[in-house]
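Below is one structure, written out as structure tokens; the observations come after it.
The values are calculated or read from the model by the stated rules, or taken from the named source; none is laboratory data. In this text, all values refer to a predicted model and were calculated from it rather than measured experimentally. Virtual Cβ from ideal backbone geometry, glycine too; neighbours counted across all protein chains shown.
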Amino acid sequence: MRRLEGKVAIVTGASRGIGAATAKKLAGSGAMVIINYCGSAEAASQVEYEIEQLGGVAKSVQCDISDYEKCKEFVDCIYKEYGQIDILINNAGVTRDGLLIGMDEDDFDKVIDTNLKGTFNCMKFVSKYMIKKRSGSIINISSVSGIMGNPGQVNYSASKAGIIGMTKSAAKELAARNIRVNAVAPGFVESNMTDKLPQSVKDEAGKHISLGRFGKPEEIANAVAFLAGDESSYITGQVISVDGGM
Ligand code: NDP
């Protein structure tokens, strides 16, 4: 069903994994999708190609979302070209795992700058145009790590818990302008990010997942697409866990 027909959506970090699955899902529902990436131009073009092959409309656009000025330029350019931004999915994220005691300052800053500040940057610049239109839906990708904590991830869980706080505050600020802001907190999902984990960590994680398996990017994309469209029109300021029952 083309329930997002006529909408323009930005998905950050959409060159692979959850972002790519989300871009495909939104495009399959009729939205015009901006596939944002930072360094993986080829992978982002491939996502664009796959969407177009299925009859969707998409464009890949480079921007390091942790850079305040570049992010402003990126959002302004999209608005100038398409005249509207209806949906923003703040999905871009990185990990730099390590125990607190040995964590470098750079590893802390990189994760906070990309995951938390990047989400702030995009929300700030996009919400200006959503306020103008008096409508919009923003979905921020948090993590189970931001809710429960996870050893080796003080930087990452701080960024993801921060995203939840930011989501709830922005939801309260923007509700009067008919803009909804929600978060999705995935559990363990098959992607480049979890491919890097040692097998012992994956086995241990598996023991805490009721459904007994890692999720697929498409299973996160389904929840995001629900929050993006009008079926969720009375939901704002919420965090939906999509974690197989962790
Ligand atoms: P991947 O590592 O597979 O993909 C990350 C994406 O983010 C890539 O497209 C990458 O693009 C992009 N990206 C990274 N830095 C930047 C930046 N500065 N500016 C723009 N884009 C950037 O991750 P996943 O698909 O696994 O994760 C997606 C989101 O879901 C993340 O926020 C992650 O924290 C969250 N999440 C993932 C879980 C999992 O188990 N996989 C669990 C819980 C949450 P490029 O290569 O071009 O840099």
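Restricting the search to the range 55-93, which residues are part of a strand (DSSP E or B) and either surrounded by 22 or more Cβ atoms within 10 Å (Cβ to Cβ) or of a type outside the set (Val, Ile, Thr) (or both)?
Hits for the range 55-93 are Ala58, Lys59, Ser60, Gln62, Ile87, Leu88, Ile89, Asn90.
Please verify whether Thr119 is within 12 Å of the ligand (Cβ to nearest atom), in contact (Cβ under 8 Å) with a residue 12 or more places away in the chain and assigned to a helix (DSSP H, G or I), treating the condition exactly as stated.
yes
Specify which of the listed residues (Val111, Val126) is within 16 Å of the ligand (Cβ to nearest atom), at pLDDT 95 or above, part of a helix (DSSP H, G or I) and touching a Ser or Thr at 6+ places or on another chain (Cβ under 8 Å). I'd like the intermediate steps shown before the answer.
Working: Val126 fails: touching a Ser or Thr at 6+ places or on another chain (Cβ under 8 Å).
Only one candidate qualifies: Val111.
Go through Ala185, Ala158 for me and flag whichever is within 16 Å of the ligand (Cβ to nearest atom), within 17 Å of Thr95 (Cβ to Cβ), modelled with pLDDT of 95 or more and not in a helix (DSSP H, G or I).
Answer to the selection: Ala185.
So which residues in the range 26-44 are farther than 22 Å from Asp67 by Cα and crowded, with 24+ Cβ neighbours inside 10 Å?
Hits for the range 26-44 are Leu26, Ala27, Ala31.
Quick one: is Ser143 in contact with a helix residue (DSSP H, G or I) (Cβ under 6 Å, 6 or more places away or on another chain), more than 10 Å from the ligand (Cβ to nearest atom) and hydroxyl-bearing (Ser, Thr, Tyr)?
no
Before we move on, is Val47 within 13 Å of the ligand (Cβ to nearest atom) and either of a type in the set (Ser, Thr, Tyr) or buried (at least 21 other Cβ atoms within 10 Å of the Cβ) (or both)? Give the steps one after another, and end with the answer.
Values: within 13 Å of the ligand (Cβ to nearest atom): yes; either of a type in the set (Ser, Thr, Tyr) or buried (at least 21 other Cβ atoms within 10 Å of the Cβ) (or both): yes.
Yes, satisfied.
What pairs come out if I take residues in the range 4-22 that are at positive phi and pair them with residues that are among the aliphatic types (A, V, I, L, M) and part of a loop (DSSP other than H, G, I, E, B) whose C-beta lies under 9 Å away, six or more apart or interchain?
As it stands, the answer is Gly6/Ala31; Gly13/Ile65; Gly13/Ala92; Gly13/Val94, since those pairs meet every condition given.
Could you grab me the full set of residues in the range 1-30 that are under 23 Å from Arg134 (Cβ atoms) and either within 12 Å of the ligand (Cβ to nearest atom) or within 16 Å of the chain's Cα centre (by Cα) (or both)?
Those that are under 23 Å from Arg134 (Cβ atoms) and either within 12 Å of the ligand (Cβ to nearest atom) or within 16 Å of the chain's Cα centre (by Cα) (or both): Val8, Ala9, Ile10, Val11, Leu26.
For the range 208-222, check the following and say yes or no: at least one residue is touching a Lys or Arg at 6+ places or on another chain (Cβ under 9 Å), under 24 Å from Asp113 (Cα atoms) and among the polar types (S, T, N, Q).
no
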